[in-house]
Amino acid sequence: MAALGAGMGAALLSACGRGEAATGAIAPLKSHAPFPLGVCAMTAQMGDPQWAAMIATHFDRLTPEWEMKMEYILQPDGSLRFDAPDRIVQQARNYGQSVLGHTLIWYAQDGDYFQKLKGNRPAFEAAYRAYIRDVMTHYIGSVDGWDVVNEPILDDGSDLRDCLWREVLGDAYIDIAYQAAHEADPACPLILNDYNLEYYPAKRKRFLSLVEGMLTRGVPLHVLGTQTHIAADLPRGAIRETLRDLAATGLKIHLSELDISLKEAAKNALDFKDYRDAQHALYEEAAEAYAALPSAQQFGLTIWGLRDKDSWYNRKDRGLIADEPLLFDDAGQLKPVGQAFVKAL
Ligand code: G3I
């Protein structure tokens, strides 16, 4: 679809008052963004016709929410399965969308296969390199970037996280991963992705120190991912400051997993009325601050889910009330926060 002018798109959106969801046809969200607008996806959602139609209409890029991770791909015997992520890649291809590879090495997932090798460093490193090589080789030409290492820094910024990879390979596990990734696909943009960089300046400082060291050592690193899983009580300006600090490296920036929880902000309150304006302002800040980056550094902006009911927040523990962290409501209507986000792009 030809990109509608932002003005026209905003006009289509402004027909609805601030307090109500946009009803009827709205311009594709991606038509308002001069950079790739992404969303996470999983095969379990593909059978939902509204989900499939909206994903195809509004977004340029899909990030597999979990099925391109070690937890899905790596089997206990070391074999690899690609059926589900291949379906996501095929759906994206059908709709002219790109796919972001998420993620190769993560402290949170290592698998029995690697656990059994941890007493034998040469065998472990060979298997580590082979996993990265084989997964990336399978997707050469199908993805427009890879989160090679995900979430390496402790929240207090004091050090790298402890994990199986660091236990066996030392701090070098990160450099080794990026070198293996670059050997597998020299043309692929390699991303370092983390979260809470806006909440914790000390974590952001340690993350940037890791980045500086990698670049100084000549490690192939091209994009920085800041997940931006935030709550509506995040102080204003933190997103803008974080993007500014990351962009100062000169690398491309991926705002990679944006959602803004009301429930996390409201704690145990049974309604979100005191936090809706803050959520609105934070979605505007994220859009404005990202759109203000130099276009050469705009790798893309990804929302971590389509409708509120699709959010990981509403899968992990529903509790008494559902969270409302995303741009579209459960009926698939663009919420006021979604309208604000789009207008600010
Ligand atoms: O759908 C299957 C179900 O069929 C099966 O019976 C069940 C058995 O365990 O698993 C279900 O899949 C779960 C999937 O979410 C869908 O709900 C996986 O177990 C579960 O591990 C997976 O969790 C994902 C999590 O990462 C771990 O991979 C979340 O969806 C996903 O939102 C979350 O995303 C992470 C990013 O990758 C990194 N940044 C933080 C973000 C939120 O935690």
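The values are calculated or read from the model by the stated rules, or taken from the named source; none is laboratory data. Predicted model, so just to flag it, every value in this text is computed and none were measured. All Cβ positions, even for glycine, are placed from backbone atoms using ideal geometry, and neighbour counts span all protein chains on display. Calculation scope for accessible area: heavy atoms of the full protein, side chains included, ligands and nucleic acids excluded. Shrake-Rupley method; radii C 1.70, N 1.55, O 1.52, S 1.80 Å.
Remarks
- Violating pairs (Cα-Cα greater than 31 angstrom) within the set K116/K316; K116/K252; K273/K316; K30/K69; K118/K252: K116/K252; K118/K252
- Per residue, the chain reaches -11500 deg cm²/dmol at 222 nm when only DSSP H runs of four or more residues are counted, each adding -39500 (n - 2.57).
- 5 angstrom amide H check on E324, placed H, neighbours 5+ away: L262, K263
- Amide H contacts of K69: T103, each under 5 Å away and 5 or more positions distant or on a separate chain (H built 1.01 Å from N in the peptide plane; Pro and chain starts excluded).
- Dipole of the chain computed with +1 at Lys/Arg Cβ and -1 at Asp/Glu Cβ about the Cα centre; of H32, F207, Q97, farthest Cα towards the positive end is H32.
- Assuming charge only on the beta carbon of Lys and Arg (+1) and of Asp and Glu (-1), the dipole of the range 189-274 about its Cα centre is about 280 debye to the nearest 20.
- Per residue accessible area of the chain, 1.4 Å probe, in Å²: 40
- Reported to the nearest whole Å, the Cα centre-to-centre distance from the range 32-86 to the range 290-345 is 16.
- Cα gyration tensor category, rounded, prolate or oblate, for the range 114-216 with a/c compared to 1.5: oblate
- Given charges at Cβ of Lys, Arg, Asp, Glu: the chain dipole, positive-most of P294, I132, G332: P294
- Nonpolar atom fraction for the chain, defined as the carbon and sulfur part of the 1.4 Å probe accessible area, stands at 52 percent.
- The chain - share of DSSP beta bridges that are antiparallel (%, nearest 5): 15
- Think of each Lys and Arg Cβ as +1 and each Asp and Glu Cβ as -1; about the Cα centre, that makes the dipole of the range 165-234 roughly 220 debye.
- Sorted from greatest to least, the principal axis extents spanned by the alpha carbons of the chain come out as 63, 43, 41 Å.
- Dipole magnitude (debye, nearest 20) for the chain, charges at Cβ of Lys, Arg, Asp, Glu: 420
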